[in-house]
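> Right, I'll just put the structure down here and ask away after.
Where a number appears in this text, it was derived from the coordinates with a stated rule and is not lab data. Treat the numbers as computed from the prediction; the structure is a model and nothing was measured. Positions of Cβ are backbone-derived with ideal geometry, glycine not excepted, and every protein chain shown enters the neighbour counts.
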Amino acid sequence: MMLFMMNESGTSKQAVHAPIGKHYGIPMVSYTDALWPEIEAGRLVWTDISPDTVHPNNRGHAYCADFVAGVLEQVLAELPADSKLPTRGPLPDPLESDTFERTAIYGYKNLPATRNEGWKASTRDDSGTGWEANVPGSFLEFEVAGRAVSIIYYATKGDRGMAEAWIDDGERVKMDGWFVADWKYAAFKLVEQDLGPGKHRLRIRILDEKNEASGGHTFQIHSVLAAGRKSE
């Protein structure tokens, strides 16, 4: 099931994801369609359902549960007997690409570096072990198989720096570990996609550059993601 949420301006990714749900026949529920008209009409205010700009509070979560449970109860009530259930056919052809059908997530313990200059293990109780360095020029290299490679890194207010990443000799992408809010979040960066078959070299380097509000260059990587892997 797909549940479409929203932020305090009423915007969401529903228009992007709904065609995917429709293509694959996935049940969809819209928190946005149900509650935004109530806010526009003045019967509900944003702070009734959220403590910040996007996350539901207890009341907002209760609405989510009610909407999802309502759909599930309707489906259950209309289900035929087990002996009369229709045969499930094959999935339709991918709507856009099959790159993300086979994926892997790697951390410090299951992706050994082929080259490591200045990085060490970085552990958080809630998310496993990644990598961390705080000196410009610190370099990290991995060998990764897949047609698309991405990085999840931490961003927070503090002495955070910037890093660049690239695949083989491809274009370099920049990541900023400094974030204006007072909470840490895991940011996503696609390094490159539409890669050729076989293994590729993912390279990461801490830059001299940093946000002017930052007092240091610490950069933390949560994980490396690979998609478009061959069937194993």
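> Considering only DSSP states other than H, G, I, E and B, which chymotrypsin sites (Phe, Trp or Tyr not before Pro) in region 176-225 qualify as loop sites with at most 13 other Cβ atoms within 10 Å?
Passing sites in region 176-225 are Trp183.
> Rounded, prolate or oblate for region 27-163? Axes are the square roots of the Cα gyration tensor eigenvalues, ordered a ≥ b ≥ c, and the cut-off for rounded is a/c under 1.5. Don't skip to the end; give the middle numbers.
On the way: a/c = 2.99, a/b = 1.48, b/c = 2.02.
Judged from the Cα gyration tensor, region 27-163 comes out oblate (a/c at least 1.5, b/c at or above a/b).
> Taking N as the number of residues in region 1-81, what is its Cα Rg relative to 2.2 N^0.38 Å? List each step's numbers first, then the result.
Working: Rg = 13.9 Å, N = 81, 2.2 N^0.38 = 11.7 Å.
In units of the globular-protein estimate, region 1-81 measures up at 1.19.
> Please list the non-local residues whose amide H lies under 5 Å from the amide H of Gly146, H modeled 1.01 Å from N, same-chain partners needing a gap of 5 or more.
Distant-sequence amide H within range of Gly146: Gly198, His200.
> Next up: Tell me, what ³J(HN,Hα) does each residue in region 78-90 have, in order and in whole Hz, if you take phi through Karplus 6.51 cos²θ - 1.76 cosθ + 1.60 with θ = phi - 60° and put x for Gly and Pro?
9, 5, x, 4, 3, 5, 10, 5, x, 6, 7, x, x
> Which of the three applies to the chain, rounded, prolate or oblate, going by the alpha-carbon gyration tensor with a ≥ b ≥ c and a/c under 1.5 meaning rounded?
oblate
> Would you mind checking the tilt of helix 14-24 against the longest principal axis of the Cα atoms of the chain, expressed as 0 to 90 degrees and rounded to 10?
70 degrees
> Can you list residues from other chains, or at least 5 along the same chain, whose modelled amide H is less than 5 Å from the amide H of Glu192?
Residues meeting the amide H criterion: Val149.
> Then there's this: Which cross-chain or sequence-distant (5 or more) residues have an amide H under 5 Å from the amide H of Asn57, H modelled 1.01 Å from N in plane?
Amide H to amide H, under 5 Å and 5 or more residues apart or across chains, Asn57 pairs with Ser50.
> Here is a follow-up. Cα centroids of region 73-95 and region 128-168: how far apart, whole angstrom?
Result: 43 Å between the Cα centres.
> Okay, moving on. Kindly write out, for region 178-185 in residue order, the coupling ³J(HN,Hα) from the Karplus curve 6.51 cos²θ - 1.76 cosθ + 1.60 (θ = phi - 60°), rounded to whole Hz, with x marking Gly and Pro.
With coefficients 6.51, -1.76 and 1.60, one gets 9, 9, 5, 7, 8, 10, 8, 9 Hz.
> Same structure again: What FRET efficiency comes out for Lys184 versus Ala41 if R0 is 41 angstrom and r is the Cβ-Cβ distance? Round to the nearest 0.05. Could you put the intermediate results ahead of the total?
Working: r = 37 Å, r/R0 = 0.90.
Between Lys184 and Ala41 the formula returns 0.65.
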